[in-house]
Amino acid sequence: MRASTVDLVADTARAAAGRRTMAWFAGGFAGAAVVAGGWLAPPDQAQGQAQRLMYLHVPAAWVGYAAFAVVLAASAAYLIGGDLRWDRFARAGAEIGVSLTAAAIATGSLWGHLVWGTWWAWDPRLVSTALLLLAYAGYLALRRALAERTGARDGADHRVARPAAVVGVAGFLLVPVVHFSVVWWRSLHQQATVLAPERPPIDPRMGVALLLAVAAATLAALCLLLHRVVRLERQLAASPVAERTPVRVG
């Protein structure tokens, strides 16, 4: 992967300025989302003020999906081309996805406690989301275990990257299971709102607040992804035996 194709990941002053600009945009969207979701959007008629957790829960879940899509794409790119930089993208994406999925479960649990009267229910959406979290936490644990067992450096060795990429691709199979679980099985969880087949059953002010929150979470996650990849590359560059030459593994 050439640095020119991913300018924002280059360890240069210009790229750092681009990442800072993106972070400012993320902060702006977050501020607008707080105003829209906290004051302008009305409370839900049935759920009351508890519904405002949607502006945290839904972006965390959606952007978590996107982070796992990064793992899928980067792992596939590594398996095809053998460039270890893709493996570093996959690792960073998994770290962000695990954090966001944990946040989605935590906010969903609080929302469920306020609306359903319980912190946890053996609901298809909740169970499948927990499995998704465990799968990608296992992916990160596998990377660490392989690095410790082989003495390899995570992010700079094909002995870690190759098996991790296979798991990263396979793990994404759980994402559609989570997303469609409310359709395939009986579930307490609310079905699609914004992406409903018919006109979204949501107040336009709620919809605007939700879209602002999703935009803020997406940009913030992208900033974290780029920052994490840059940090990984700095750490590997500081090591005396960093592997630089791409090797075809496909």
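The values are calculated or read from the model by the stated rules, or taken from the named source; none is laboratory data. Keep in mind the model is a prediction, meaning the values are calculated, not measured. Note that we place each Cβ from the backbone using ideal geometry, even for glycine, and neighbour counts take in every protein chain shown. Areas reflect the complete protein model, heavy atoms only, side chains present, ligands, DNA and RNA absent. Shrake-Rupley method; radii C 1.70, N 1.55, O 1.52, S 1.80 Å.
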For the range 44-172, build the charge dipole from Cβ charges (+1 Lys, Arg; -1 Asp, Glu) around the Cα centre, then report which of 98, 139, 61 sits farthest towards its positive end.
139
Between 163, 42, 204, which gets the highest mean-square fluctuation from a Gaussian network model of the chain, Cα cutoff 10 Å?
204
Given a Förster radius of 45 Å and the C-beta distance between residue 166 and residue 203 as r, what FRET efficiency does 1/(1 + (r/R0)^6) yield to the nearest 0.05?
0.50
Between residue 119 and residue 39, how high is the FRET efficiency from 1/(1 + (r/R0)^6) when r is the Cβ-Cβ distance and R₀ = 30 Å? Nearest 0.05.
0.60
Estimate the FRET efficiency between residue 16 and residue 159 by the formula 1/(1 + (r/R0)^6), using the beta-carbon distance for r and 22 Å for R0, to the nearest 0.05.
0.10
Report the gain in length on full extension from residue 99 to residue 25: 0.36 nm times residue separation, minus Cα-Cα distance, nm rounded to one decimal.
24.5 nm
The answer for the net charge of residues other than residue 91 whose Cβ lies under 9 angstrom from its Cβ, with Lys and Arg +1 and Asp and Glu -1, is 0
Run the helix sum for the chain: -39,500 (n - 2.57) per DSSP H stretch of 4+ residues, divided by residue count, reported at 222 nm to the nearest 500 deg cm²/dmol.
-24000 deg cm²/dmol
Please compute the contact order of the range 1-94 in relative form: average sequence separation of alpha-carbon pairs under 8 Å and at least six residues apart, divided by the residue count, as a percent.
19 percent
In Å², rounded to a whole number, the accessible area per residue of the chain with probe 1.4 Å is 53 Å²
Accessible surface of the range 16-121, 1.4 Å probe, proportion on carbon and sulfur as whole %
73 percent
Only Cα pairs within less than 10 Å get springs; with that Gaussian network setup on the chain, which residue of 162, 88, 144 has the largest fluctuation?
144
Given the protein chains as shown and a 1.4 Å probe, how many square angstrom of residue 131 are accessible, to the nearest 10?
90 Å²
Choose one answer from 17, 135, 67: the residue with the largest mean-square fluctuation in a GNM of the chain with alpha-carbon springs under 10 Å.
17
